[in-house]
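Throughout, read-outs are computed from the coordinates displayed, never taken from laboratory work. Small disclaimer: the values here were computed from a predicted structure and weren't measured. Backbone-built Cβ (ideal geometry, glycine too); neighbour counts: all protein chains shown.
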Amino acid sequence: MPRHRPDPLFDPTPDQPLGIPVPTSTVVDAYALTIAWSRTEPHRVGECALVPQRAAIIGRGGPRPEDEGERSAFAAMRPGKVEAGGPLAAPTLSRVHVKIAAVQDGIVFERTGKGPVELDGMRADSGLVTPGSTLLLANELLVVCDRRAAQIPDSSLTRTPDFQFGRSDSLRITGESAVTWRLRDQIRFAAGSGAPVLVLGPPGAGKGLVARAVHSSSAGRERPYLVLGGATLTRSDLESLQARTDAPFVVIDEVSDVAPEVQPFLSRLIALTSSLPPPRLRIVATNSAPLVVASHVMSAGPGGSSGLAGPAESIRADLASRFILTVRVPGLDERRADVPLVARAILREIAAEQPEIGLRFFDAWQPDALSGEPRLSSTLVDRLLRHRWQAHVRELSAILWTAMTTATEAWLDATPEVMGQLEASPDTSFSDPNRLEEAVVREALEAAHGKIAVAARVLGLKNRWVLYRLMERLGIRITER
């Protein structure tokens, strides 16, 4: 049957709230091992093998009559289809290197081959592999454990993949996990609906990239694309947008940072533009945390403007309700099997701009086609897979830059500088500004010599704009030095 695409001009109203359809599979989830690094076959990174509860084996070559169990078959899984990758060609793997079986808590393994086996970076002859754990076989093949269905479900929104397995698609979205394919579905649905969209995800996960993808997939992809910071958004900015005749696609970055006195005007602008015929101004917002709706609106805030009762980061209920569609961007900790693919995509983009990177760190680098495989050590990939991500893709990019600038060989390794970066675990929680007393705020400002941004970091606030609003509420006025 032919697939029906969403009408690019379809525009649901606030009276018709929509949930983005998330296809589900009828197949029970199972434990799986996904190839994260291969010395001999790097093109197979991303292929996975489901692990049965009965005995199975991983080793070099195809099935043999004397095998004591099913030989794990790694395959490229994409929506609606599974393409077998063939027998492993890794020369240093034994014919039967490990025996494995799925149990309630993960995958048990036993080394039977000659080469060593490492579980989460430590030598082991047997053990339990749990989701997020890694298994390195003979320093030849690195796999990561997760749970997944036997097939990534197809949907009417998923276009037949027209890009190479493991590579970035035309929207620069990278990953072959089910959660990444679900994200692609959400992007296309949001693009076709024309409705106000909230792009939600942790810091550094790629919300800006997803917002750009919604624009690129929409019928208005030729119209201007604008990004405005929520913390600096003013009423005059909104009036200027309303006066424009070219119907731009506008992204409000961190909408929870929009000042309370500006929020009513943003809400009205969204309501007004949603009622106009296309082409019309379209507003998409991003935010690093779910929107917290204020408990109630105060009639008179500072300076006679409307204020909010509740946490400083809460927003008006009427503004929150305008975003009737939500696209959720997963962090790297939710799609660890994609981490090696995302790392390779980042390195290819860097090499496209700096040819010397491709010539040094890639095999068979061809700048015109952006083809070639980056050379990464198994140790580096293993540590990236097990890292506790704070800033996700942004953090991964910074680590890769450190690996390149500190590399002493023609490949990227876990240098001491990289290890120091990986072992640092910054606290990303923010202080509640409502709990800060005036004396504490004044002390921080004095210690920071009046520099607002520095004082905000000292106080553990999200950004300097939160401190500005806190100072206004407390009646603190200083001149920045």
(message) Give me, ordered by chain and number, the residues 5 or more places off Ser371 or on other chains with an amide H under 5 Å from its own placed amide H.
(response) Gln366
(message) Can you show me the helix-derived [θ] at 222 nm for the chain, built from DSSP H runs with n ≥ 4 at -39,500 (n - 2.57) apiece and divided by the number of residues, rounded to the nearest 500.
(response) -8500 deg cm²/dmol
(request) Work out from phi, with θ = phi - 60° and the Karplus expression 6.51 cos²θ - 1.76 cosθ + 1.60, the ³J(HN,Hα) of each residue of the stretch 75-82, listed in order in whole Hz, and give x for Gly and Pro. (result) 8, 8, 9, 9, x, x, 7, 10
(request) Using only the alpha carbons of the chain, determine the length spanned along each of the three principal axes and report them from longest to shortest in whole angstroms. (result) 83, 61, 47
(request) Would you grab the residues whose amide H sits under 5 Å from the one on Ala149? Only those 5+ places off in sequence or on another chain, please, with H modelled 1.01 Å from N. (result) Ala30
(request) Note down the nm distance, to one decimal, between modelled labels 7 Å out along Cα→Cβ at Ala410 and at Arg386. (result) 3.0
(request) Would you mind putting 330-339, 221-230 in packing order, based on average other-beta-carbon counts within 10 Å, highest first? (result) 330-339, 221-230
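Could you compute the FRET efficiency for Thr245 and Ala317, with r as their C-beta to C-beta distance and R0 at 30 Å, rounded to 0.05? Mind showing how you got there, number by number?
Working: r = 32 Å, r/R0 = 1.05.
Taking R0 as 30 Å, the efficiency between Thr245 and Ala317 is 0.40.
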